[in-house]
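Reviewing the structure listed below.
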């Protein structure tokens with residue numbers, strides 16, 4: 001994948017729009033949640049599947065939940081890691097063709113994203129399904145020979161549910177999303193499916 005210039009201004013405008021949403025509403029009874037989640041990251045498109053095995057990811061999240069709307073906005077920072085498949089490839093030099101292993105090499109990604117989350121069902125109930133979408137910036141790197149990724153745009157629609165363990169204090173989340181990472185409008189993209197679980201504290 002070739003390096004391209006990332007449209008930071010448009011991404012900054014998106015973050016600004018999402019993060020300013022709370023200030024347009026009465027937030028006297030709003031709730032803030034902070035948490036951590038993690039799970040398996042499963043490559044989904046052919047290009048990605050041929051390169052790496054299933055990986056793992058971790059993320060930290062801050063969430064602003066409205067008191068009078070079934071809506072929340074969140075800001076997330078995440079890290080993913082995939083191990084390259086242990087393949088054999090051949091490289092050519094002045095001394096001939098050499099057989100080398102492609103195992104033991106990893107691809108890493110660092111993500112900052114934000115977006116809305118819409119809840120369904122009876123507000124304040126112990127079980128709350130939700131849907132949403134996050135978008136932001138991802139920086140990818142790899143120790144593979146000749147690999148070049150850089151930074152680009154990422155978005156991931158998701159669905160899941162929140163289960164309250166201790167009312168007003170602790171809840172757990174389980175969600176599934178499909179992430180797409182793209183460096184340019186006409187460039188290749190990487191997609192993967194994430195299955196995550198996490199714990200959140202209410203402040």
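The values are calculated or read from the model by the stated rules, or taken from the named source; none is laboratory data. Just so it is clear, the model here is predicted, and its values are computed rather than measured. Ideal geometry is used to build each Cβ from the backbone, glycine not excepted, and the neighbour counts take in all protein chains shown.
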Residues located in the stretch 119-140, provided they are assigned to a strand (DSSP E or B) and over 19 Å from residue 179 (Cβ atoms): 119, 127, 128, 129
Please go through the stretch 148-203 and pick out each residue that is part of a strand (DSSP E or B) and without any contact (Cβ under 8 Å) to a residue 12 or more places away in the chain. 165, 166
Odd one out for residue 96, checked against (1) modelled with pLDDT of 80 or more; (2) on the phi > 0 side of the Ramachandran plot: (1)
Taking the stretch 120-134 and keeping residues crowded, with 18+ Cβ neighbours inside 10 Å and farther than 11 Å from residue 73 by Cα leaves 128, 130
